[in-house]
């Protein structure tokens, strides 16, 4: 069933000035199928529709370096190639149904931070953004490097026609639709992209994200994407089943990988990097939630992750009195999650299965979710039964979201993880024999520890657990870590 859903109306996306030589400005001609026409409104208007995407001082210009005509919101209806070079994104740009935008390797797109600006791919629109390791595509804040902050702009949003479990149409704060019944739908490509300083918060009831997939299907290809310093989540999937490989979340303020409302895709080779000084309380690594009501709805949120590495890079041990993030994996609202072959280092809690207004615990008992063959290192509490409970104690009852603990009993989650017998726990990082915090040495016990018996053929078979092997080649050149 087709459903409309609210996404904040002012999403912005921006790009950092890349330091690669391939990022030099190019005057290569546009695609021959592009036709320039005048924008339909003045540059200071609220919204407009245009077949031009590139402008100079608000006027269409095939060699322009401004994306958008300066109106607060512009819907693009046409075909355009953005060549290597530095551009300024002005206002909210929507790629309409039937429109196509290609961004070439080495393009840097800086977003105007004085007013909301960003890039929205509407249901039926196409974005092909393909960089390479030596010349990634970079979206960033338009501020000077030293002045950039999380939430300077909002993020990239891609809408699709795959299923979700949102049953009612939302009408507030929206001019956007997503969701349908075609899980194989979707076109476009995101490859070798950095998204920096996104996550601008516009509404109290919506969590901003660096990269939001709104019910996108299998037809969208996503690999080698980094979201860093987001003021909200890094990656956010609302329904759909788009698969992703080689993704990085660096220093986001909320959740690294947020899945909800019936997302059923696969994610392999992912990295989360956090520091106690930058992340907000109750942020999670993987957060899996179903419908807002907490009821079982179809399709059920059930993402599958493999070969992930989550690390707290702080030099200090996690201090629970000034906790800056919570669970490496957090499951609630009758959602499920599967996670295999992954490593979690320095988190306050390994896994939380929250039973408040939720049937997730029942689903775990019934074998509907699986968290196995993972390694937890220097984790204060392996399992918790409630968000905000940083201790291994049973929680069965809740009153107005306050948990009622049963002293003397281990948490359901801790027992469930231990009973499976397939997860390992180490007290210190030294036992992992890692170098540079995230890369294993040849002596690491993680090198020959992987198992793919429970995973389908989409997943690449490797011998190691975690995101990296001893060569760590897939993160080279194009990523930019903050530590």
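Below, the figures for the structure above:
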{"quantity": "Considering residues of segment 436-473 that are more than 21 Å from residue 376 (Cβ to Cβ) and loosely packed, with under 10 Cβ neighbours inside 10 Å only, the residue modelled with the lowest pLDDT", "calculated": "471"}
{"quantity": "Test for residue 160: is it on the phi > 0 side of the Ramachandran plot and under 20 Å from the mean Cα position of the chain (by Cα)", "calculated": "no"}
{"quantity": "Tally, over segment 437-449, of residues that are under 11 Å from residue 470 (Cα atoms) and either assigned to a loop (DSSP other than H, G, I, E, B) or touching a helix residue (DSSP H, G or I) at 6+ places or on another chain (Cβ under 6 Å) (or both)", "calculated": "7"}
{"quantity": "Qualifying residue in segment 146-157 (condition: more than 21 Å from the chain's Cα centre (by Cα), part of a loop (DSSP other than H, G, I, E, B) and not assigned by TED's automatic domain parsing to the domain that holds residue 473)", "calculated": "no"}
{"quantity": "Subset tally (residues that are under 24 Å from residue 338 (Cα atoms) and in contact with a strand residue (DSSP E or B) (Cβ under 7 Å, 6 or more places away or on another chain)) for segment 441-450", "calculated": "2"}
{"quantity": "Candidates 47, 117, 3 - the one that is crowded, with 21+ Cβ neighbours inside 10 Å and either at pLDDT below 90 or touching a strand residue (DSSP E or B) at 6+ places or on another chain (Cβ under 8 Å) (or both)", "calculated": "117"}
{"quantity": "Verdict on residue 267 being more than 17 Å from residue 161 (Cα to Cα), in contact with a strand residue (DSSP E or B) (Cβ under 8 Å, 6 or more places away or on another chain) and modelled with pLDDT of 95 or more", "calculated": "yes"}
{"quantity": "Enumeration of residues in segment 399-427 that are in contact with a strand residue (DSSP E or B) (Cβ under 7 Å, 6 or more places away or on another chain), modelled with pLDDT under 90 and surrounded by fewer than 19 Cβ atoms within 10 Å (Cβ to Cβ)", "calculated": "404, 405, 406, 409, 420, 422"}
{"quantity": "Boolean, residue 459 is out of contact with any helix residue (DSSP H, G or I) (no Cβ under 9 Å at 6 or more places or on another chain) and more than 18 Å from residue 339 (Cβ to Cβ)", "calculated": "no"}
{"quantity": "Of all residues in segment 337-357 being part of a loop (DSSP other than H, G, I, E, B) and in contact with a helix residue (DSSP H, G or I) (Cβ under 9 Å, 6 or more places away or on another chain), the one that is surrounded by the most Cβ atoms within 10 Å (Cβ to Cβ)", "calculated": "354"}
{"quantity": "Given (1) closer than 21 Å to residue 480 by Cα; (2) in contact with a strand residue (DSSP E or B) (Cβ under 9 Å, 6 or more places away or on another chain), index of the condition residue 144 fails", "calculated": "(2)"}
{"quantity": "Unique residue being under 11 Å from the mean Cα position of the chain (by Cα) and surrounded by 24 or more Cβ atoms within 10 Å (Cβ to Cβ) when the list is 290, 307, 258, 284", "calculated": "258"}
{"quantity": "Any hit, segment 132-140, residues being outside any loop (DSSP other than H, G, I, E, B), in the same structural domain as residue 64 (by TED's automatic domain parsing), farther than 30 Å from residue 301 by Cβ and touching a residue at least 40 places away in the same chain (Cβ under 8 Å)", "calculated": "yes"}
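Residues checked against (1) within 23 Å of residue 467 (Cα to Cα); (2) surrounded by fewer than 24 Cβ atoms within 10 Å (Cβ to Cβ):
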{"site": "181", "(1), (2)": "no, yes"}
{"site": "184", "(1), (2)": "no, yes"}
{"site": "195", "(1), (2)": "yes, no"}
{"site": "214", "(1), (2)": "no, no"}
{"site": "263", "(1), (2)": "yes, no"}
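The values are calculated or read from the model by the stated rules, or taken from the named source; none is laboratory data. Since the structure is predicted, the reported quantities are computational estimates derived from the model, not experimental observations. Note: ideal-geometry Cβ built from the backbone for every residue, glycine included; neighbour counts use all protein chains shown.
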